[in-house]
1. Across the range 277-298, what is the number of residues that are surrounded by 18 or more Cβ atoms within 10 Å (Cβ to Cβ), of a type in the set (Gly, Ala, Ser) and farther than 16 Å from SER246 by Cβ?
2. Does GLU260 satisfy the criteria of being touching a Ser or Thr at 6+ places or on another chain (Cβ under 6 Å), over 26 Å from ARG11 (Cβ atoms) and open to solvent by 60 Å² or more (accessible area, probe 1.4 Å)?
3. Do we find a residue being closer than 23 Å to VAL223 by Cβ and touching a residue at least 60 places away in the same chain (Cβ under 8 Å) anywhere in the range 67-79?
4. Look through GLY250, GLY150 and report the one residue that is open to solvent by less than 70 Å² (accessible area, probe 1.4 Å) and modelled with pLDDT under 90.
5. Look at the range 81-114 and say how many of its residues are over 17 Å from SER205 (Cβ atoms), among the β-branched types (Val, Ile, Thr) and touching a Phe, Trp or Tyr at 6+ places or on another chain (Cβ under 7 Å).
6. Of the numbered conditions (1) outside any helix (DSSP H, G or I); (2) open to solvent by 20 Å² or more (accessible area, probe 1.4 Å); (3) over 22 Å from SER160 (Cβ atoms), SER231 fails exactly one; give the number of that condition.
7. Would you confirm, using the coordinates I've provided, whether PRO240 is free of Cβ contacts under 8 Å to residues at least 40 places away in the same chain, farther than 17 Å from ARG307 by Cβ, open to solvent by 40 Å² or more (accessible area, probe 1.4 Å) and part of a loop (DSSP other than H, G, I, E, B)?
8. In the range 161-182, is there at least one residue being surrounded by fewer than 18 Cβ atoms within 10 Å (Cβ to Cβ) and at pLDDT below 95?
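The values are calculated or read from the model by the stated rules, or taken from the named source; none is laboratory data. If you're wondering where the values come from, they're calculated on a predicted model, not measured in any experiment. Positions of Cβ are backbone-derived with ideal geometry, glycine not excepted, and every protein chain shown enters the neighbour counts. Accessible surface is based on the protein model in full, side chains and every heavy atom, while ligands, DNA and RNA are left aside. Shrake-Rupley method; radii C 1.70, N 1.55, O 1.52, S 1.80 Å.
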Amino acid sequence: MTRVLRFGAGRSRERYPLPVSDTLVWQAPSAADAGLTASVDLSSLGTLSAGTLLLPSFTVPGEAQPSYVVSLHGQTGVSWLQAIGEEDLSASGEAVGVSSLVDVFRLDADLTGGMLTLHTNLAEVPRDYLLCISQRPERLSSISRADAIGRARVSIPGLSQRLLPPAIRDHACSPCALLMLLRHLEAPSLPTARDFALRCRDPRSGLFGVWPHNLREAGRHNVVAAVELCSDWSDLHALPGPFVASVRFGSGELPGAPLERTGGHLLVVTGCDAHWVYVNDPAASLPGDVSRRYPRQAFERAWLYERGVAYIVEN
C-alpha cells in the first residue's frame, strides 16, 4: 500500500539502505524564491485517493543545514507545509482538498498528477542530498501478516527520556530515539541528550517531535537519514540495523509498555521474531529498563494502523 519515490546524490545515494532511483532536476530561483528549487511530478503514483498521506523528507548531510519549505500543487491550488530551518521561507495557502499537518500532507479529495516542489535557500546544487516522498492511507483497513518473518536483534545502549530535565522529559521521545541510533552508528561529536533534544525543538511550534527538525540534527552529524511511511515490514526487513518507529495506542493496547496510552510516541525497533518485537523504549524510567519486547500483533497495530512512520538511517 505504500509507494515511495527516492532521489539522491553523492554519499546519501550510496549509503541510504533502501533503493534510491533518481536524481533531482534543480532550477534557478524565481523572483518568489530565496534559492534553488526542485519539482517532482507525482503522476507516476497514479491517482491518490482521499485519505492518503503524502510525506516529503529532505536531508543534506553536513554541519551547514539548508532552510526549505515544501509545496504541493494540485487541481485546486497550492498547499504548503511548515518551513524548516533558520531562514523563514514560510508561505501561506492551502488548496481545497489538501490539509497541511505540519510535516505531512493529507488528501481530503482525490489527487491526480500533482506536483511537489522543494523550495530552498541553497545557492548551489548540493553534491550530497536525499529526498524521499512516501504515500499511504492515513489508516489501514487491515494489517498484513503475510511477512511475519524475523529481523536479527541488535543490541544498542539504552537512553531514557525520563532522566532529562522536567520541562522537556515528557516531550523528547523523538530526539532520544534518534540519538540512540546515532550513538549506535558512532556518529561524530554527539552532544548530550538534553542538548540534542533542545536542538531538535521546532522554534515555531515548540514541539520536539517535528520529523524534519530531528532529521536536520542527524544531518549535522553527517548521518544520512529519512522519514518514510510504511504499511508493513516489507522494505524494513532488508535494513541491516535498527530504525525508529512512531506508535499510537490506547489504554492496555501495548502490553509491557511504560506508557499506558499515547497519541504519538517514538521508540527504536532493534529486532523481531514471529511473536515479539524488540525495542528500546525511551519512556522507560531508567536506561537499564529501556530494552523491552512487545507482542508483535499489538505492536504492529500501534505502529502500522495509523501513519506507520519510521526514521531510517544509513548502514
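1. The qualifying residues number 2.
2. Details: touching a Ser or Thr at 6+ places or on another chain (Cβ under 6 Å): yes; over 26 Å from ARG11 (Cβ atoms): yes; open to solvent by 60 Å² or more (accessible area, probe 1.4 Å): yes.
Against the criterion (touching a Ser or Thr at 6+ places or on another chain (Cβ under 6 Å), over 26 Å from ARG11 (Cβ atoms) and open to solvent by 60 Å² or more (accessible area, probe 1.4 Å)), GLU260 qualifies.
3. Scanning the range 67-79 turns up no residue that is closer than 23 Å to VAL223 by Cβ and touching a residue at least 60 places away in the same chain (Cβ under 8 Å).
4. Just a single option satisfies the conditions, and that option is GLY150.
5. Looking only at that region, the number is 1.
6. Exception for SER231: condition (2).
7. Details: free of Cβ contacts under 8 Å to residues at least 40 places away in the same chain: no; farther than 17 Å from ARG307 by Cβ: yes; open to solvent by 40 Å² or more (accessible area, probe 1.4 Å): yes; part of a loop (DSSP other than H, G, I, E, B): yes.
No: the conditions fail for PRO240.
8. Let us first name the residues in the range 161-182 that are surrounded by fewer than 18 Cβ atoms within 10 Å (Cβ to Cβ), namely 163, 165-168, 170-171.
Of the ones still in play, those that are also at pLDDT below 95 are none.
For the range 161-182, residues surrounded by fewer than 18 Cβ atoms within 10 Å (Cβ to Cβ) and at pLDDT below 95: absent.
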